[in-house]
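Working notes, beginning with the structure itself.
The values are calculated or read from the model by the stated rules, or taken from the named source; none is laboratory data. Note that the structure is a prediction, hence the values are computed from the model and not measured. Methodologically, a virtual Cβ is constructed for each residue, glycine included, from the backbone with ideal geometry; neighbour enumeration extends over all protein chains shown. Calculation scope for accessible area: heavy atoms of the full protein, side chains included, ligands and nucleic acids excluded. Shrake-Rupley method; radii C 1.70, N 1.55, O 1.52, S 1.80 Å.
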Amino acid sequence: MADWWDADGRRHRKQFANSAAAREHEHRETALAHAERATREMKLAARTSSTKRSSSKTETGTIEPAKGKLGVLIPGMGAVATTFVAGVEAIRKGLAKPIGSLTQMGTVRLGKRTDGRSPKIKEFVPLATLDDLVFTGWDIFEDNMYEAASNAGVLDYRLLEQLKPFLSTITPRAAVFDHNYVKKIDGPNVKKGKTKMDLAEQLRDDIRDFRKTSGASRLITMWCGSTESYIEPTEAHQSVKSFEKALRENDEMIAPSMIYAYASLMEGVPFANGAPNLTVDLPVMLELSRKNEAPICGKDFKTGQTLMKTVLAPAFKARLLGLSGWYSTNILGNRDGEVLDDPGSFKTKEESKLGVLEHILQPGLYPELYGNIFHKVRINYYPPRGDNKEGWDNIDIFGWLGYPMQIKVDFLCRDSILAAPIVLDLVLFLDLAKRCTALRGLGIQEWLSFYFKSPMTPPGLYPEHDLFIQLMKLKNTLRHLKGEELITHLGLEYYD
Ligand SMILES: NC(=O)c1ccc[n+]([C@@H]2O[C@H](COP(=O)([O-])OP(=O)(O)OC[C@H]3O[C@@H](n4cnc5c(N)ncnc54)[C@H](O)[C@@H]3O)[C@@H](O)[C@H]2O)c1
């Protein structure tokens, strides 16, 4: 027996057919209760800090200025990484515009709708400029960024030719790689070491070397490497002590991406994870991140099909339209598609893509509408399309009196064109977090959930997946940092 709530928030006693169903229900309700408690605590904390905020004249003093160069370290110099770096250089040269980037084109409304104050985000908070960015990376292949971008086939060769002198100078450092974690690829540019701790030390040397040779005053690591095979956290991932022991003992549950994350955080360098691997979504990394004031965020860039899902699902919930099934399938022909053709890597991606509906639709609160959804996600490797993915969605919904309806989405997108501005924003915002006393010791930067399919949260807190809640959270965080009023959209003051 357990309680459930109807759509009006009334509480009922529920009988279950068997004990497994009852346990599953209890589990869901406990998670919801945890999340509600955490939300209450966060609201309380926000109230306390807003009292503090009004007593200090301005919060800007707590954000250090973005002085000097910002170094970007990228494990995985494939399609996304090269489209990002080439794009930054093209924009710097005035050859193209930063379309899709919130930090470059977005604005933030301040005060009342009648105040007419909507500065650009990059003018409202002190962000590094594109001219400040310098790059390095690691890859298992020896291609420089020009060669890698040419192979990825995302950008037009005429544009690439103009960027060749710059892109050719960025050559990959030897990678930390384990074929068991990415079965479909192998390459020659790989570090050797007796233990995983030796490999971590070599990565730390690389980071120090780049800091010195580039003259960067601050660094950020941005994982753009392949999706690794699915694993679940073990004892080794629970604390810095157990993780370091596991590194020395070559524990097979430590994936290469975790070694990059450990090396970065040990060097005090923030880390963002663009793939669905666990990587920084582990207690050990949260501990290190807080200790060394190196912010973390992830997982898995929210670009194509999941972006659409997190726009449409909130609309169904807002209008109380039921959902009986959502079938999503893709064809994709780039190297990422090839890697995801392996069942281990696909499972990691599948978990990340499947999670969003449950959290948006809250079947525990709306059992008649969302208690029985068939949700399926497929990715098919299809070389002729290259990076130009096609994603189809068939959505079965039902309305008034239960009458069924269907929606079909056919999104002919360009994977790396959608991902590159996300990389840019994450680099600039993570650097802001590192320079900001209110954010740098928090560990997970939940306000950056906007960019991820599977946003990281502290234990016991469910993630926000609704794109527009995520955007509001991000902009309110910026307002909060600058001591501006948060925008609640209440709006009663206009009718006083
Ligand atoms: N493009 C998108 O829209 C999108 C969306 C969400 C997530 N992602 C994820 O972003 C990542 C990059 O995507 P991509 O299209 O650029 O893939 P890609 O295959 O073109 O590039 C990945 C690169 O990582 C390298 N690599 C693999 N393991 C490495 C290691 N241990 N160290 C250093 N390099 C390593 C590979 O050699 C390859 O060059 C993938 O994990 C992908 O799933 C992409």
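Summary table
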quantity	calculated
Selection from the stretch 160-178 of residues that are open to solvent by 20 Å² or more (accessible area, probe 1.4 Å) and in contact with a Leu (Cβ under 7 Å, 6 or more places away or on another chain)	Gln162
Single unsatisfied condition, Ser150 versus (1) more than 15 Å from the ligand (Cβ to nearest atom); (2) free of Cβ contacts under 8 Å to residues at least 12 places away in the same chain	(1)
Identity of the residue in the stretch 258-290, under 13 Å from Met197 (Cα atoms) and not hydrophobic (A, V, I, L, M, F, W, C), that ends up nearest to the ligand (Cβ to nearest atom)	Tyr260
Qualifying residues in the stretch 63-80 (those that are away from the ligand (no atom under 16 Å from the Cβ) and part of a strand (DSSP E or B)) - the one most open to solvent (accessible area, probe 1.4 Å)	Lys69
Selection within the stretch 337-353 - open to solvent by less than 40 Å² (accessible area, probe 1.4 Å) and either near the ligand (Cβ under 10 Å from one of its atoms) or among the polar types (S, T, N, Q) (or both)	Gly337, Val339, Leu340, Ser345, Thr348, Lys349, Ser352, Lys353
Test: Glu493 is over 22 Å from Ala272 (Cα atoms) and either open to solvent by 30 Å² or more (accessible area, probe 1.4 Å) or within 12 Å of the chain's Cα centre (by Cα) (or both)	yes
Number of the exception - Leu474 against (1) more than 16 Å from the ligand (Cβ to nearest atom); (2) modelled with pLDDT under 95; (3) hydrophobic (A, V, I, L, M, F, W, C); (4) open to solvent by less than 40 Å² (accessible area, probe 1.4 Å)	(2)
Residue satisfying all of: in the stretch 81-116; of a type in the set (Lys, Arg) and at pLDDT 95 or above; most open to solvent (accessible area, probe 1.4 Å) among these	Lys97
Residues of the stretch 285-305 satisfying the condition of being assigned to a helix (DSSP H, G or I) and surrounded by fewer than 24 Cβ atoms within 10 Å (Cβ to Cβ)	Leu286, Glu287, Arg290, Lys291, Gln305
Contacts under 7 angstrom Cβ, first residue in the stretch 383-403 being among the basic types (Lys, Arg) and open to solvent by 20 Å² or more (accessible area, probe 1.4 Å), partner modelled with pLDDT of 90 or more and in a loop (DSSP other than H, G, I, E, B), 6 or more apart	Lys389/Cys413
In the stretch 404-423, the residues that are among the hydrophobic types (A, V, I, L, M, F, W, C) and either open to solvent by less than 20 Å² (accessible area, probe 1.4 Å) or within 16 Å of the ligand (Cβ to nearest atom) (or both)	Phe411, Leu412, Cys413, Ile417, Leu418, Ala419, Ala420, Ile422, Val423
Hits in the stretch 311-342 (condition: within 13 Å of Ile373 (Cα to Cα) and within 20 Å of the chain's Cα centre (by Cα))	Ala313
Complete set of residues in the stretch 447-463 that are away from the ligand (no atom under 15 Å from the Cβ) and in contact with a strand residue (DSSP E or B) (Cβ under 8 Å, 6 or more places away or on another chain)	Thr457, Pro458
Residues satisfying the stated conditions in the stretch 345-364, i.e. of a type outside the set (Ser, Thr, Tyr) and modelled with pLDDT of 80 or more	Phe346, Lys347, Val356, Leu357, Glu358, His359, Ile360, Leu361, Gln362, Pro363, Gly364
Every residue from the stretch 179-208 that is more than 23 Å from Ala275 (Cβ to Cβ) and either within 11 Å of the ligand (Cβ to nearest atom) or open to solvent by 70 Å² or more (accessible area, probe 1.4 Å) (or both)	Lys192, Lys194, Glu201, Asp205, Arg208
In the stretch 219-241, the residues that are open to solvent by less than 30 Å² (accessible area, probe 1.4 Å) and either away from the ligand (no atom under 16 Å from the Cβ) or within 20 Å of Val269 (Cβ to Cβ) (or both)	Leu219, Ile220, Thr221, Met222, Trp223, Cys224, Gly225, Ala236, His237, Val240
Subset tally (residues that are of a type in the set (A, V, I, L, M) and part of a helix (DSSP H, G or I)) for the stretch 85-136	9
Neighbours by Cβ (under 9 Å, 6+ apart or cross-chain): first from the stretch 239-261, on the phi > 0 side of the Ramachandran plot; second assigned to a loop (DSSP other than H, G, I, E, B)	Asn250/Lys194; Asn250/Thr195
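Conditions tested, residue by residue: (1) more than 22 Å from Arg109 (Cα to Cα); (2) assigned to a helix (DSSP H, G or I); (3) in contact (Cβ under 8 Å) with a residue 24 or more places away in the chain.
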| residue | (1), (2), (3) |
| --- | --- |
| Leu426 | no, yes, yes |
| Arg440 | yes, no, yes |
| Trp447 | no, yes, yes |
| Gly483 | no, no, yes |
| His489 | no, no, no |
